[in-house]
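Engineer: One structure coming up, written as structure tokens, with questions to follow.
The values are calculated or read from the model by the stated rules, or taken from the named source; none is laboratory data. Since we're looking at a predicted model, the values are computed, not measured. A quick note on method: Cβ atoms are made from the backbone with ideal geometry, for glycine too, and the neighbour counts reach across all protein chains shown.
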Amino acid sequence: MKEDSPKRYAIYSIIASVLTMGLKFGAWGMTDSVGLLSDATESIINLTAGVLALTAITIAMRPADSDHSYGHGKAEYFSSGMEGVLIILAACAIAYTAIGRFANPQELSNLGPGLLLALVSSVINFVTAKVMLKAAKRFDSITLEADAKHLLTDVWTSVGLVAGLAILLIRPEWKILDPIIAVVMAVNIVFTGIGLVKRSVGGLMDDALPVDELEIIGASIRKHQGAKATFHGLRTRKSGSRRFIDFHLLVPGKTSVMTAHDLCEVIENEIKSKLNQAEVTIHVEPIESDASYDGDEVGGACETCIENNPAK
């Protein structure tokens with residue numbers, strides 16, 4: 001494994017999850033707090049997500065082959081989607097356990113040491129998540145980003161849980177607070193899971209690149225073809241960290257093949273210099289031909305209209 005491989009950071013997540021899972025279940029065993037049990041349950045999801053992330057990244061890093069000519073990058077979306085589903089299931093289990101405690105709230109024991117263990121686990125997750133977020137940005141990996149944000153969500157819910165349960169150190173008779181906090185955490189976890197699922201579905205459905213990246217593409221074309229650059233059928237999608245971009249570029253019909261090719265090369269290099277791991281395909285068409293104005297048929301973004309056709 002290369003030293004700067006994204007797999008390295010997925011392994012960090014797994015190690016952190018194993019450590020925090022031990023600490024959190026230890027905290028629950030000491031206190032019998034359903035709130036701390038909910039926190040410990042989520043650590044199992046963290047571990048599962050870490051294993052899924054490592055598997056997905058390993059698959060996504062495989063080069064393109066005859067069966068997968070666009071590469072294996074979409075494996076990352078399956079990972080983050082499965083993670084989202086697991087998070088939602090864990091939240092339902094947490095809520096089910098907590099609801100039972102409303103009818104029979106229990107006093108908690110050894111709360112101080114238990115909360116200390118929970119805080120230590122939060123520190124481990126926080127440091128790991130920050131390291132992974134930096135790596136996610138460097139490798140442009142949705143899997144590392146999803147796993148890191150999940151760990152951060154775990155941090156904030158754990159901190160909120162500790163703050164809430166700390167009240168019981170002063171007012172132990174408020175034992176109903178324990179299941180209330182657990183239900184609030186479950187609701188928050190559900191929203192995290194739904195967000196991951198939605199983003200994964202968007203990737204699998206070939207959502208277009210963000211608006212700011214589309215603007216970079218348009219600016220790159222205009223930079224080398226002029227302010228009145230004519231193009232259409234700009235279609236984009238992302239597969240893991242790889243960006244796929246294609247569009248139709250209209251040039252004067254008298255332009256030689258070599259000149260058109262050189263223009264496309266310049267535009268492609270400009271886009272690649274601004275967007276990491278971009279693969280650009282340009283279809284050249286004569287600007288004077290009516291048949292070139294097929295933007296409605298091709299689809300995608302368009303920066304031309306029928307009025308631009310010199311033949312009209």
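Engineer: Could you tell me whether LEU161 is out of contact with any helix residue (DSSP H, G or I) (no Cβ under 8 Å at 6 or more places or on another chain), surrounded by 13 or more Cβ atoms within 10 Å (Cβ to Cβ) and on the phi < 0 side of the Ramachandran plot?
Structural biologist: no
Engineer: If you don't mind, there's one more thing I want to ask. Looking at THR97, THR55, can you tell me which residue is of a type outside the set (A, V, I, L, M), surrounded by fewer than 24 Cβ atoms within 10 Å (Cβ to Cβ) and at pLDDT below 75? Give the steps one after another, and end with the answer.
Structural biologist: On the way: THR55 fails: at pLDDT below 75.
Residue meeting the stated conditions: THR97.
Engineer: Moving on to the next point. Restrict the check to the stretch 154-161 and report whether at least one residue is among the acidic types (Asp, Glu) and under 21 Å from THR48 (Cβ atoms).
Structural biologist: Yes; the residues of the stretch 154-161 include at least one that is among the acidic types (Asp, Glu) and under 21 Å from THR48 (Cβ atoms).
Engineer: So, in the stretch 34-65, of the ones that are within 21 Å of VAL85 (Cβ to Cβ) and among the charged types (D, E, K, R), which residue ends up nearest to the chain's Cα centre (by Cα)?
Structural biologist: In this case the residue turns out to be GLU42.
Engineer: For the stretch 194-248, which positions are part of a helix (DSSP H, G or I), in contact with a Lys or Arg (Cβ under 9 Å, 6 or more places away or on another chain) and either surrounded by fewer than 18 Cβ atoms within 10 Å (Cβ to Cβ) or at pLDDT 90 or above (or both)?
Structural biologist: Within the stretch 194-248, GLY195, LEU204, GLU213, ILE216, ILE217, ALA219, SER220, ARG222 qualify.
Engineer: Taking the conditions exactly as written (under 27 Å from PRO6 (Cα atoms) and surrounded by fewer than 21 Cβ atoms within 10 Å (Cβ to Cβ)), does LEU169 satisfy them or not?
Structural biologist: no
Engineer: Also, quick follow-up: Considering only residues that are of a type in the set (Val, Ile, Thr) and either without any contact (Cβ under 8 Å) to a residue 40 or more places away in the chain or more than 18 Å from GLY299 (Cβ to Cβ) (or both), which ones fall in the stretch 197-220?
Structural biologist: Hits for the stretch 197-220 are VAL197, VAL201, VAL211, ILE216.
Engineer: Evaluate the following for LYS24: is it surrounded by 20 or more Cβ atoms within 10 Å (Cβ to Cβ), among the basic types (Lys, Arg) and either touching a strand residue (DSSP E or B) at 6+ places or on another chain (Cβ under 7 Å) or not assigned by TED's automatic domain parsing to the domain that holds LYS149 (or both)?
Structural biologist: no
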